[in-house]
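We did not get these values from a lab; they are worked out from the coordinates using the rules stated. Owing to the predicted nature of the structure, the values given are computational and were not obtained by experimental measurement. Note that we place each Cβ from the backbone using ideal geometry, even for glycine, and neighbour counts take in every protein chain shown.
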Amino acid sequence: QTHAEPGNTHVVYDVRIGESHRDKLHMEARMVKALEHREFELFYQGLRDVRDDRFCGFEALLRWRDGSKMVSPATFIPLAEETGLIVRIGTWVLRQACTQAKAWADAGLGSPKVAVNISPRQFSHPDFLATVRDTLRETGVNPAQIELEITETSVMNDAESSIAVLHALREMGLQLAIDDFGTGYASLSYLRRFPLNRLKIDRSFVNQLGSDGNGDAIVRTVIELAHCLGLSVTAEGVETADQEALLRGWSCDVVQGFLHSRPGPAEGATQLLRDQTALTSALI
Ligand code: C2E
Ligand code: MG
Ligand code: MG
Ligand code: MG
């Protein structure tokens, strides 16, 4: 760099941009192929109701089966979001999740909830409501089984139009959650106006529990705040029994984390529901 002439800097800069742009195009093309070749898969992670210590549903988490390895969404969702491909991927995710929720209900496994992540770009897309409506109709799922997880960024982008979209989703019978609560910049005044069902407290707060009095105070207060607003609370990233005990003491409604369930293929979730259903019948 120190050797670069002012004139050369420009060239070097161009080449770098060119490469990263090419990388992105290449990656995007691979994602399009992945959609066509069914290389995407949903993993499911159990949502555990603290009141009765039972799984009340699952969060659907996207995976990309690339050869023998499972690629985490952290590596490809940001690019899909940037290029807009997330809209197509997200439509596939929603359809897949609704189909699975319906299959569980049809199999007599109760009406487990399936939580689906919605990206900011998807949420603000003009066709979003129509896509959701079509998906509900075509899959025949009970909308009450589906909970859409929306980020603070999504709704704060254009708060007024977000409120209208959220109301329309609620009218379709869907449940609505704010994901990763506490990491964005949702203002408390909007929280009051958004028609939500749930706050999901981000993992970064949960994994500090018990180690830091201020962190504990924040989590406890968020739970209280949510309950005062008539919302339920899920704590994500619960890994230890100690964390769960604290959350239970503060009346957190649902815990999600490696302590009870790791994300895995749908068959594992089905088995978990079967075991739970069998146990209930045995008790009755
Ligand atoms: P998220 O929605 O907050 O999902 C929870 C993440 O925390 C998941 O990571 C899950 O595997 C992880 N997790 C759950 N419990 C624990 C725990 O006890 N310990 C630790 N260390 N981690 C835990 P994952 O599956 O890698 O997903 C990362 C993010 O990617 C998600 O965060 C979500 O924002 C996004 N994502 C996943 N699937 C989709 C999708 O279908 N559509 C969109 N738009 N985003 C998705
Ligand atoms: Mg989520
Ligand atoms: Mg989350
Ligand atoms: Mg999170």
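Structure summary
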quantity: Residue-span extension gain [Ala241 to Arg30] - 0.36 nm each, minus C-alpha spacing; calculated: 71.9 nm
quantity: Relative contact order (%) - criterion: Cα under 8 Å, at least six apart; region: the chain; calculated: 17
quantity: Potential lengthening between Val71 and Asp49 on full extension [0.36 nm per residue; Cα-Cα distance subtracted]; calculated: 5.0 nm
quantity: Cα-based Lys proximity count in the chain, under 27 Å, for pairs eight or more positions apart or on separate chains; calculated: 6
quantity: Nitroxide proxy distance, nm - points 7 Å out along Cα→Cβ at Ser211 and Asp158; calculated: 4.1
quantity: FRET efficiency for Glu224 and Arg22, using Cβ-Cβ distance with R0 set to 41 Å, rounded to 0.05; calculated: 0.20
quantity: Charge tally in the Cβ shell below 13 Å around Glu138, where Lys, Arg are +1 and Asp, Glu are -1, Glu138 excluded; calculated: +3
quantity: Whole-angstrom Cα spans of the chain along principal axes, big to small; calculated: 78, 46, 39
quantity: Ala282-Glu138 FRET efficiency (beta carbon distance; Förster radius 30 Å; 0.05 resolution); calculated: 0.25
quantity: Ellipticity estimate at 222 nm from DSSP helix runs (n ≥ 4, -39,500 (n - 2.57)) divided over the chain, nearest 500; calculated: -16500 deg cm²/dmol
quantity: Footprinting exposure proxy for Ile146, Ile89 (fewest neighbouring C-beta atoms within 10 Å first); calculated: Ile89, Ile146
